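Contents: one structure, followed by commentary.
Where a number appears in this text, it was derived from the coordinates with a stated rule and is not lab data. Just so you know, these numbers come straight off a predicted model, no measurement behind them. As a convention, Cβ positions derive from the backbone with ideal geometry for all residues, glycine included, and neighbour counts pool all protein chains shown.
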Amino acid sequence: MGSIRRRLIAGALVATAALLSAGGVALDRVLRATLVSEFDATLAARARTLAALVEQDEGLIEMELPPELEAGAQPEAGPEYFELQDSDGRVVRRSKSLSQGEAASPLLPPAADAAVAWTMPGGGAARAAGVRFVPRSDDSTGDPESPAPAAMMLVVARGTAALDRLLARLRWSVVGVAAAVSAAAACVLLWVVHRGLSPVRVIARQIEGVQPEKLTARIDMRRAPRELAPLVQKLNDLLARLESAFERERAFAADAAHELRTPIAGLRASLEVALTRPRPAAELRAAIEDGLQSTRRMQGLVEALLALARLEAGHVSLRPESFDLAELLRHCGDGLVDTARRRRVEVSWSVPGCLLIRADRVRLAQVLGNLLDNAVSHADEGGWVEVAAERRPGAVAVSIANAASGLAAEELPRMFDRFWRGDASRHDAGTHFGLGLPLARRLVAVLGGEISTELTAPGVFRVCLVLPEGAVHDASMR
Amino acid sequence: MRVLLIEDYEPLAKAVANGLRDEGYAVDVAADGESGWWYASSGSHDAVILDLMLPKLDGLSLLERIRARKLNVPVLILTARDTVDDRVRGLNCGADDYLVKPFAFAELLARVRAMVRRKYAARGPILSVADLEIDTAARLVTRAGRRIELTAREYALLEFLALRAGQVVSRTEIWEHVYDFHDSPASNVVDVYVGYLRRKLNQPGAPPLIRTRRGQGYVLGEPG
C-alpha cells in the first residue's frame, strides 16, 4: 500500500497527460483538415481563374497563360503547376517544367473530383486540384456547324512546403502546451494533495500526543474531514477501550498495593510494639506468631496475584490426563470438613460414583477447591451447601449452591472483579483476598469450560461449572 | 484514657491494642462496624481509632453515625486508602486525624495523645497541678523535682485526674475512662488504685494532692 499522495498524483498526472494527448491529437487533426481544405479551395479558385483563360476557337483550344506560369513559376507560396486535360483525360497542355508527351501521367486522374496529394517533379510534397469547365467559345456567330465545346478540366498543383511547415509548427506548439500544462498540473496537484492531506497530518500529530499516562485524550472529530470521520471515530473507540483497560489495570495495581498495606501495617505494628520494652519470651513469641500470620497473608496475596497475572498473560501450560472428577470433588471437599464443622454448615453431595473426564487435574483441583472453599466459608453460618455433578452430552457439569441470605442480585456481576469481597468474607481476612473467583474463571476459560453464577432463589447462591469431557474414551477407558 | 480500636485485621488490631495498653491506655477492640458502633455508643472513650474497610458497617458510615449521635469523641482514621480524596472525605465526615497504613506505631501513639489532649483542652504535653508535673509524652511524673515511678494503670489514673484537675471526678467516670471491657468490674478497684496513687504521690510535710469528696468522687489539686 504505497503512499496515497504518490498514487493520487501519479493517477491524476496520467489522466491529465492522456486527456491532453487526446485533445492535442484531435486539435492537430482538425487544424490539418481545415488548413488542407482551405489550401485545396485556394487551388480550386486558382484553377477557375486559369480556366477562364481557356478559349475554344473553331475547335482549337487556346490558352493565354501568364508567362511565369507557363514556365512553371515559383511564387512565394511555393512552386505552382497547371495542366489542362480534355474530356478524355488526355493532357492537352501543362507547365513546361512538367514532363511532356504521351508518357506523362496526368496530375489528377480524370475521375477525381477532389484534391489529391502529389509529388512534384523535383521531389517535395504538393497538392493538386482541378475544375471542370466548358471552354469559352469565340464563335459568336453561333455557327451551327462548329461542334459544341467539350468539357475540359484544369488542374492546378502547388507545393505544400509552407503548409507543412505551418502544420509542423502547430503540432509542436500543441505538444509544448500539453507538456507545460502537464508540468503545471503536477505542481498544482502536489500542492492540492499536500493541502488535502493536511487533516491526516493534524490527526497524526494528535495521535502522537496520546501518552499511555494520559489516555483520556481523544482525537478532535471537528477537525477531521467527513471522509476520515469513521477512522477517527474508530480510533477514539480504541482509545476509550485502551483507557478503560488501563484504568482497570491501574485500579488493580492500586487495589493490590492497598491489600498489601494492611498486612504490612500488621507486621510492622507487631514488631514495633514487641520492641518497645523488654518482654518475656511468651509475649515475644506471640508477637512473632502474629508477624508470621501477616507474612503468610502477604505471601498468599502475592502468589494469588502472580497466578492471576500469569493466567492473564496467557503463560499457562496444561497437562491433560484422564481421571475421575467425582473422586476429585470428594477429595477437595475433605479439606473443608473442619471449616464446615466450625461454621456449622451442612454439606450435601449428589455426585455419581464415577465421572471420567480428561483435563488438567491440578488446575481443575484448584478451581474446585476454590469454589467449594468459597461456598463453605461464605454460606450462612449454620446453613447448607449442596454439591452436585452430572454428565451431559460431551460435557460434565458441576454445581455448587449455598445459603447466602445476605447476597443481593446486583452483587453477582461484580463477583468476578478482582478484590471484590462479599461483606462477610472479611471476617476470614486470613485466607480470602477477593481473587479466588477471578482466578477460577480464568482457569476454567483456559480449561475450555464455562463458569456462571446465579441466585436460584432469594438467598440461594449457585455457581455452575461446565467442562468439556475431553477425549476420555482413550487408553484410560480400555 | 480509654481508646476504642475498630480494625478487622486481627494481627494489626492485636499489636496496636497491646502497644496502647503498654502505654497505659484502656483499649476496647472491635472487629467489625456493628460491634464498633455498639462500643462507641457507650460514649465513654477518649479516642477512636477507625479502619475504613470494615465488615457489616463500613468505617465512614460508622463515623457518620457517631457524629449524628453528637458523640464528640476524637476519631483517627487508620486506613490503607491514601489518596487526597480519601483523606478529604474522611476528615469531612467528622474525623479528627488520618493515618495511612503502614504506619510507625510511635506516630500513632503521638497522634492519639494529641487528640486526647485537645479533647480535654490541654495545650501542651506537660500537665501541672501545684508542684506536680506530668509529661504526657514521656510519661514522666515528678513532684517538687523528685521523680515518681508509677505503673501503667496508676499513670493512666493520674493523667485522667490531672486532665480534669480541680474538678470532681466520679468513680464511674474513672471506671469508664481508665478501664476497658477486659477488666473485671470489681466494686472497689478504683478506690484501691486511688489509694496506691496517693501513697506514691504523698510527700512528708506537703499537703495531699488527691482529696476524696464523700459520695461524689475525687479531686486532684485545689477545687476550682
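Put a plus charge on the Cβ of each Lys and Arg, a minus charge on the Cβ of each Asp and Glu, and nothing anywhere else: the dipole of chain B about its Cα centre is then about 940 debye.
Could you give the angle, 0 to 90 degrees to the nearest 10, between helix B:152-163's Cα long axis and the longest principal axis of the Cα atoms of chain B? The helix B:152-163 is inclined about 80 degrees to chain B.
Taking the charge dipole of the range A:162-273 about its Cα centre, with +1 at Lys and Arg Cβ atoms and -1 at Asp and Glu Cβ atoms, the residue from A:ALA229, A:LEU167, A:ALA257 reaching farthest to the positive side is A:LEU167. In chain B, the ratio of gyration radius to Kirkwood radius, Rg to Rh, stands at 0.99 when only Cα atoms are counted. Pop the C-beta distance of A:ARG279 and B:ALA144 into the FRET formula with R0 = 35 Å and round what comes out to the nearest 0.05. Computed FRET efficiency for A:ARG279 and B:ALA144: 0.55. Where does helix A:281-313 land angle-wise versus the long Cα axis of chain A, in degrees 0 to 90, nearest 10? Tilt relative to chain A: about 30 degrees.
In this simple spin-label approximation, B:LYS200 and A:LEU455 carry label points 7 Å from Cα along the Cα→Cβ vector, and these lie 5.7 nm apart. Distance between the pseudo-spin-label points of A:VAL14 and A:ALA307 (7 Å out from Cα toward the beta carbon): 6.3 nm. Summing +1 for each Lys or Arg and -1 for each Asp or Glu among the other residues whose beta-carbon sits under 11 angstrom from that of B:VAL141 gives 0. Using the Stokes-Einstein relation with a Kirkwood hydrodynamic radius computed over Cα pairs, the translational diffusion coefficient of the range A:153-192 at 25 °C and a viscosity of 0.890 mPa s comes to 190 µm²/s. To the nearest 0.05, what FRET efficiency results for A:ARG6 and A:VAL36 with a Förster distance of 51 Å applied to their C-beta separation? FRET efficiency, A:ARG6 to A:VAL36: 0.70.
In summary, the lysines within cross-link reach of B:LYS56, defined as a Cα separation below 23 angstrom excluding same-chain residues under 8 places away, comprise B:LYS14, B:LYS70, B:LYS101.
In terms of surrounding Cβ atoms within a 10 Å radius of their Cβ, B:ASP28, A:ASP237 rank from fewest to most as A:ASP237, B:ASP28.
In this label model, B:TRP175 and A:VAL181 are separated by 11.4 nm, measuring between points 7 Å along each Cα→Cβ vector. As a size descriptor, the averaged projected area of the C-alpha convex hull of the range B:32-117 was calculated at 5.2 nm². Rounded to the nearest 500, the helix-only mean residue ellipticity at 222 nm of chain A stands at -16500 deg cm²/dmol, with each DSSP H run of n ≥ 4 adding -39,500 (n - 2.57). Exposure proxy shown here: for B:GLU7, B:GLU34, the number of other Cβ atoms within 10 Å sets the order, fewest to most, as B:GLU34, B:GLU7. With Cα atoms defining each centre, the range A:22-59 and the range B:1-64 are spaced 123 Å apart in the structure. Note that chain A carries a Kirkwood radius of 34.1 Å, evaluated over its alpha carbons pair by pair.
Computed from Cα atoms, the angle from the helix A:325-334 axis to the main principal axis of chain A rounds to 40 degrees. Evaluated at q = 0.15, 0.22 Å⁻¹, a Debye calculation over the C-alpha positions of the range B:73-181 (equal weights, vacuum) places log10 I(q)/I(0) at -0.76, -1.24.
Going from the fewest other Cβ atoms within 10 Å to the most, the residues A:LEU31, A:LEU364 appear in the order A:LEU31, A:LEU364. About its Cα centre, the dipole of the protein assembly as shown is roughly 4260 debye, where the only charges are +1 on Lys and Arg Cβ and -1 on Asp and Glu Cβ. Taking the Cα atoms of the range A:204-283, the ratio Rg/Rh between the radius of gyration and the Kirkwood radius comes to 1.47. Backbone geometry of the range A:365-377 corresponds, through the Karplus equation with coefficients 6.51, -1.76 and 1.60 at θ = phi - 60°, to 3J(HN,Hα) couplings of 4, 4, 4, 5, x, 4, 5, 5, 4, 4, 4, 5, 6 Hz, x marking Gly and Pro. Rounded to the nearest 5, the antiparallel percentage of DSSP beta bridges internal to the protein assembly as shown is 75%. By DSSP, the beta bridges lying fully in the range B:59-213 are antiparallel in about 75 percent of cases. Both numbers refer to the Cα atoms of the range A:335-419; Rg and Dmax are 14.2, 38 Å. Amide H to amide H distances under 5 Å link B:ILE77 with B:LEU50, B:ASP96, B:ASP97, B:TYR98, B:LEU99, where only residues 5 or more positions off or on other chains count and H is placed in the peptide plane.
Set the Förster distance to 56 Å, then compute FRET efficiency between A:LEU27 and A:LEU238 from the Cβ-Cβ distance, nearest 0.05. Efficiency at R0 = 56 Å is approximately 0.55. The calculated 222 nm mean residue ellipticity attributable to helices in chain B amounts to -12000 deg cm²/dmol, summing -39500 (n - 2.57) over DSSP H runs of n ≥ 4 and dividing by all residues. Counted over all Cα-Cα pairs of the range A:255-341, pairs farther apart than 16 Å make up 71 percent.
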